[in-house]
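Student: Following this message is one structure expressed as structure tokens.
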């Protein structure tokens, strides 16, 4: 979301979000003057809050009430205003290492222990998926023109499974002549050779990590097309078969005022207990592909944050899901997630998820 805020407006938005997270009460200008060193008058703060409300970052739940952050306000806060909690992350990794002796535990016991510790520390619901052991790797890839402007990508894995998909070729500029079929076929063969040399032997989940700077200049016009194609192929083919998601911390999070309505609680619990297959596409998803598609991965981070209405599942629309992939070597095999109200202490939750993913990656890589 692109919103241009002044430094003062950013500080007032930051203070409003922090106070609302701490109290669950709508925030007024008088509160910000008394509790935050903003060095401006209440009238200036009110004007800034009015601007933030008009841009959709704050709203008033009642006419006479103060302001509350919207999902968009939380998004600006998370993307631009929080300070990474590196010290907390290192402390959490140390705590996990102390409490979980991986040499004396089975993998399942290790994951359950990590989920419980994360739920206790965060006060939110923790979701940890069991690691995926199936690792299809690319054996051969071919781009074939099936008709003018349309290409089929055919992929053969090391298990001799075949996947294919159709894509539209990028449109040429109006001033450029449309290349004839022979030229396109020759270019597609060169691109196929390039992709095979770069990707053969890699797992399907790693297809989006190709370094496009190696592509010769005359083929750069295909780069976005190929990147989109490989991301889509990864989504279609390497989505893991749904397995158990370890869930801890439900009782703790239900004490939050956001979950005071019984029907809301029931729909969320039903999702967690009976419809875990719907959660899989949200939790087990690499931020690398999300950045490529322009969604909700944090800039420069391995963590994905879905806030409120950004969640596609209705029971989660009042929640935030923070997740990160854990790996075995370079291969993504599972995910750690925290699910709580949008009124979440994001700095700490992000640090907890990152630390847990790092710990599990280390444990699986050196087991």
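Student: In the range 251-268, what residues are touching a residue at least 12 places away in the same chain (Cβ under 8 Å), under 13 Å from residue 319 (Cα atoms) and touching a helix residue (DSSP H, G or I) at 6+ places or on another chain (Cβ under 9 Å)?
Tutor: Scanning the range 251-268 gives 253, 258, 259, 264, 267, 268.
Let's see how each residue does on (1) buried (at least 20 other Cβ atoms within 10 Å of the Cβ); (2) in contact (Cβ under 8 Å) with a residue 24 or more places away in the chain; (3) not assigned by TED's automatic domain parsing to the domain that holds residue 304:
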position	(1), (2), (3)
47	no, no, yes
57	yes, yes, yes
63	no, no, yes
101	no, no, no
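Student: Only one of these conditions is not met by residue 137: (1) surrounded by 14 or more Cβ atoms within 10 Å (Cβ to Cβ); (2) at pLDDT 90 or above; (3) farther than 20 Å from residue 344 by Cα. Which number is it?
Tutor: It fails just one condition, (2).
Student: Give the range 18-28 a look and list any residue that's in a helix (DSSP H, G or I) and either touching a strand residue (DSSP E or B) at 6+ places or on another chain (Cβ under 6 Å) or free of Cβ contacts under 8 Å to residues at least 24 places away in the same chain (or both), or say none.
Tutor: 18, 19, 20, 22, 23
The values are calculated or read from the model by the stated rules, or taken from the named source; none is laboratory data. Owing to the predicted nature of the structure, the values given are computational and were not obtained by experimental measurement. Note that we place each Cβ from the backbone using ideal geometry, even for glycine, and neighbour counts take in every protein chain shown.
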